[in-house]
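Here the structure comes first, spelled out in structure tokens, and everything after it is commentary.
The values are calculated or read from the model by the stated rules, or taken from the named source; none is laboratory data. As the structure is a computational prediction, the values presented were derived from the model and not from experiment. Counting neighbours? That spans all protein chains shown, and the Cβs are built from the backbone with ideal geometry, glycine included. Accessible surface is based on the protein model in full, side chains and every heavy atom, while ligands, DNA and RNA are left aside. Shrake-Rupley method; radii C 1.70, N 1.55, O 1.52, S 1.80 Å.
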Amino acid sequence: WGPEAVIETARRTLPRDTIATVDTGAHRILLSQGWECYQPRTLLQSSALSTMGVALPLAIGVKLADTSRPVAAFTGDAGLEMVLGELATLRDLKLPVVIIVFVDQSLALIELKQRNSGFKNLGVDFGATNFPAVAQAMGGYGVTAPNVETLMGELNAALERKIFSIIACPIGAK
């Protein structure tokens with residue numbers, strides 16, 4: 001279980017016409033390499049600016065543009081924390097976007113750069129957010145998926161909902 005398993009399970013479980021969005025972080029690098037696209041413009045990301053939190057606004061925009069296709073936003077826990085207000089937009093527009101959160105309570109790429117530069121770990125670790133509770137508070141559905149089987153079941157269930165779903169995937173919380 002880890003980020004690779006989350007991505008592989010999501011690609012195997014979600015329909016081929018799913019549009020995926022992803023924000024910056026270690027998960028973006030993995031997803032860009034492991035997510036198979038069957039049509040053009042079905043993986044949206046901020047590649048030049050490395051924008052944290054961009055997956056959710058991208059998902060909202062693409063879902064508004066084409067309500068017939070499933071949309072999955074892949075985000076880190078810090079990225080989602082930066083744009084929690086957008087959950088109200090999903091609620092108010094009644095958009096059933098699937099949000100997959102990589103939960104590790106760390107800015108992993110920045111920490112790696114600190115370590116490689118010989119610096120101490122500073123400002124890259126943070127506390128846990130109860131994303132399922134946040135989803136419920138904002139009018140959506142939320143759950144934690146700690147393994148492949150749970151993730152598969154929750155992805156299938158999310159595709160049937162008329163509201164947004166947050167699936168928090170713990171991948172090595174500190």
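Side notes on the structure shown:
- Residue, surrounded by the fewest Cβ atoms within 10 Å (Cβ to Cβ), within segment 30-44, restricted to residues that are out of contact with any helix residue (DSSP H, G or I) (no Cβ under 7 Å at 6 or more places or on another chain) and not small (Gly, Ala, Ser): Pro40
- Pairs are defined by a Cβ separation below 8 Å, a sequence spacing of at least 6 or placement on different chains, a first member in segment 132-146 that is free of Cβ contacts under 8 Å to residues at least 12 places away in the same chain, and a second member that is open to solvent by less than 30 Å² (accessible area, probe 1.4 Å); the pairs so defined are Ala133/Gly142; Gln136/Gly142.
- Residue list for segment 67-82, restricted to those being open to solvent by 10 Å² or more (accessible area, probe 1.4 Å), touching a Leu at 6+ places or on another chain (Cβ under 7 Å) and modelled with pLDDT of 95 or more: Pro70
- For segment 21-43, a residue qualifies if it is among the hydrophobic types (A, V, I, L, M, F, W, C) and either in a helix (DSSP H, G or I) or farther than 16 Å from Gly76 by Cβ (or both), and the qualifying residues are Ala26, Ile29, Leu30, Leu31, Cys37, Leu43.
- Taking (1) touching a helix residue (DSSP H, G or I) at 6+ places or on another chain (Cβ under 9 Å); (2) closer than 22 Å to Pro170 by Cα; (3) surrounded by fewer than 17 Cβ atoms within 10 Å (Cβ to Cβ); (4) modelled with pLDDT under 90 in turn, His27 satisfies each apart from (3).
- Options Gln105, Gln45, Gln33: the member that is polar (S, T, N, Q), in contact with a Gly (Cβ under 8 Å, 6 or more places away or on another chain) and modelled with pLDDT under 90: Gln105
- Of all residues in segment 1-20, those satisfying the criterion of being out of contact with any Ser or Thr (no Cβ under 8 Å at 6 or more places or on another chain), open to solvent by less than 40 Å² (accessible area, probe 1.4 Å) and part of a loop (DSSP other than H, G, I, E, B) are Gly2, Leu14.
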